[in-house]
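The values are calculated or read from the model by the stated rules, or taken from the named source; none is laboratory data. In this text the structure is predicted, and so the values were computed from the model without any measurement. Note that each Cβ is placed from the backbone with ideal geometry, even for glycine, and that neighbours are counted across all protein chains shown. Surface accessibility is based on the protein's heavy atoms, side chains included, excluding ligands, DNA and RNA. Shrake-Rupley method; radii C 1.70, N 1.55, O 1.52, S 1.80 Å.
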Amino acid sequence: MICREQTKAFVMVKQHDHGLLSGKLAVKFKAEHVPAEGRRDEVLRAVSNHDRGWIDLDATPFWNDAEQAPYSFIDFPVVPKLTFYSRGLDEIEADTPYGALLCSLHFERLIETSGEDCPELTVYQEQEEERRARIRRELEQSSPLGEDELYYDARLLQFSDDLSLYMALNEPGSPKSEEHPWWVDGFSGTEDFSFTSGRRITAEWKDSTTLMLDPFPFTETFEVSFMLRKVLKSAVAAKGLARAYSETPEDECRILVSDRRGGSIE
């Protein structure tokens, strides 16, 4: 679950909904900057489904007594999280082995930056190393895998994931001074895209419905949407989190993604 706190409510977004939003963003990425390769459809399916392992977990959110807030993907206990990571990767691999390779590498990067450490994590990492090695061997038999291609596709997944999280974790319209700290210096890895000339892509809210990016990585100005629930703290106190969440209707959040410089998009 992705969760941010307001004065009277918790704003909650399902991880798979965030993943689907990531896929919508990846589809709009400038085609001239996408490598000429035969795996684009697989990459887009992987981006959209990279967090499908959370589907069952997010059906009923859990309360974190220590934080007095719902558990989120940031502080969710490691052992069950790894179990569902593995399940999600199994499902992705059944659809697209290359996509599973990308997602496994993506989770490995997240784990390395989290600082988490436990015996179960070591086992998970060993299993994923074996998965990635096996997929590489299988792909080499049918379609040679270029490291540049893999690196680019991994950066596209990372950026699409980060931008989608940015939309969910930041209050739309909030000033830069209140931006989530993860993206104060822009989106990590985007300086590697050819069109950025070594600059990181940065984001800033123009207003409560428009998000501006620079350099602009998409084919056009476009609108995206995702579902969220604003679960009142008073309802959580009265009914418990699970019931309060299930009885809270979903709202649609719509965001216009625009070029910060204004004008037409070439």
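Taking Rh as the Kirkwood radius computed over C-alpha pairs, what is the Stokes-Einstein D of region 52-142 at 25 °C in a medium of viscosity 0.890 mPa s, expressed in µm² per second?
Working: Rh = 14.2 Å.
My calculation gives 172 µm²/s for D.
At a Förster radius of 41 Å, what calculated FRET efficiency corresponds to the Cβ-Cβ distance of Glu130 and Glu171, to the nearest 0.05? Spell out each step's value before the answer.
On the way: r = 42 Å, r/R0 = 1.02.
With a Förster radius of 41 Å, E is 0.45.
Go through region 235-244 residue by residue and turn each phi into a ³J(HN,Hα) via Karplus (6.51, -1.76, 1.60, θ = phi - 60°); whole Hz please, and just put x for glycine and proline.
Result, ordered by residue: 5, 4, 5, 7, 10, x, 5, 4, 6, 4 Hz.
DSSP H helices in the chain with Cα extent of 27 Å or more along the helix axis and mean Kyte-Doolittle hydropathy at least -0.5? All intermediate terms of the calculation are to be shown ahead of the outcome.
Details: long enough: 119-142 (36 Å, -1.82); 147-169 (32 Å, -0.15).
Membrane-span-like by this criterion, though nothing is claimed about a membrane: 147-169.
To the nearest 0.05, how large is the calculated FRET efficiency for Asp148 and Glu250 if R₀ is 35 Å and r is the Cβ-Cβ distance?
Details: r = 41 Å, r/R0 = 1.16.
Efficiency computed from Cβ-Cβ geometry: 0.30.
Using +1 at the Cβ of each Lys and Arg and -1 at the Cβ of each Asp and Glu in region 132-246, identify which of Phe222, Val184, Leu232 lies farthest towards the dipole's positive end.
Leu232
Considering only C-alpha atoms, what is the centroid distance from region 166-180 to region 85-145, in Å?
Centre-to-centre (Cα) distance: 31 Å.
If you look at just the Cα atoms of region 46-87, how large are its Rg and its Dmax in Å?
Here Rg and the maximum Cα pair distance are 11.0, 34 Å.
Just for the Cα atoms in region 84-202, what are the lengths along the principal axes, largest first, rounded to whole Å?
Over region 84-202, Cα extents along the principal axes are 49, 36, 23 Å.
Would you mind checking Lys30/Lys230; Lys30/Lys81; Lys176/Lys239; Lys81/Lys239; Lys14/Lys176 for any pair whose Cα atoms are more than 29 angstrom apart?
Numbers: Lys30/Lys230 34 Å; Lys30/Lys81 33 Å; Lys176/Lys239 36 Å; Lys81/Lys239 26 Å; Lys14/Lys176 25 Å.
In this structure, Lys30/Lys230; Lys30/Lys81; Lys176/Lys239 lie more than 29 Å apart at Cα.
Mind jotting down a quarter of the surface of the convex hull over the alpha carbons of region 123-266, in square nanometres, one decimal?
Numbers: hull surface 52.4 nm².
So the Cα hull casts an average projection of 13.1 nm².
Hey, how much of the P(r) for region 1-117 falls beyond 16 Å, as a percent of Cα pairs? Don't jump to the answer; show the numbers that get you there.
Details: 4380 of 6786 pairs.
Percent of Cα pairs beyond 16 Å in region 1-117: 65.
For Thr210 and Ala59, FRET efficiency with R0 = 30 Å and r from the beta-carbon atoms, rounded to 0.05?
On the way: r = 32 Å, r/R0 = 1.08.
So, using R0 = 30 Å, E works out to roughly 0.40.
Over all directions, what mean area does the Cα convex hull of region 161-222 project, stated in square nanometres?
Working: hull surface 16.8 nm².
Taking the Cα atoms of region 161-222, their convex hull projects to 4.2 nm² on average.
Between Arg109 and Gln6, what length comes free when the chain is fully extended (0.36 nm per residue of separation minus the Cα-Cα distance, one decimal in nm)? Could the numbers behind the result be given before it?
Numbers: separation 103, 0.36 × 103 = 37.08 nm, distance 2.98 nm.
Gain in length upon complete extension: 34.1 nm.
How big is the convex hull of the Cα atoms of the chain, per residue, in Å³?
Numbers: hull volume 34.3 nm³, N = 266.
Measuring per residue, one finds 129 Å³ for the Cα hull of the chain.
Restricting to the chain, what percent of DSSP beta bridges are antiparallel, rounded to 5? The partial results should precede the final answer.
Details: 22 of 26 bridges.
Bridges in the chain that DSSP calls antiparallel: roughly 85 percent.
Provide the solvent-accessible area of Cys118, counting protein heavy atoms only and rolling a 1.4 Å probe, rounded to the nearest 10 Å².
Answer for Cys118: close to 30 Å² accessible.
Dipole magnitude of the chain about its Cα centre, charges +1 at Lys/Arg Cβ and -1 at Asp/Glu Cβ only, in debye to the nearest 20? Show your work: numbers first, answer last.
Working: 31 positive and 50 negative charges, 164 e Å.
Magnitude of the dipole: close to 780 debye.
Whenever you get a sec, compute what percent of the accessible area on the chain sits on carbon and sulfur atoms (1.4 Å probe). Mind showing how you got there, number by number?
Details: 6140 of 12590 Å².
It is 49 percent, rounded to a whole number.
Would you kindly derive the ³J(HN,Hα) couplings of region 195-205 from the backbone phi angles with the Karplus curve 6.51 cos²θ - 1.76 cosθ + 1.60 (θ = phi - 60°), listing them in order in whole Hz, with x for Gly and Pro?
6, 8, 6, x, 8, 7, 5, 10, 10, 7, 6
Report the label-to-label distance for Ser194 and Arg137 in nanometres (one decimal), using points 7 Å from each Cα along the Cα→Cβ vector.
3.5 nm
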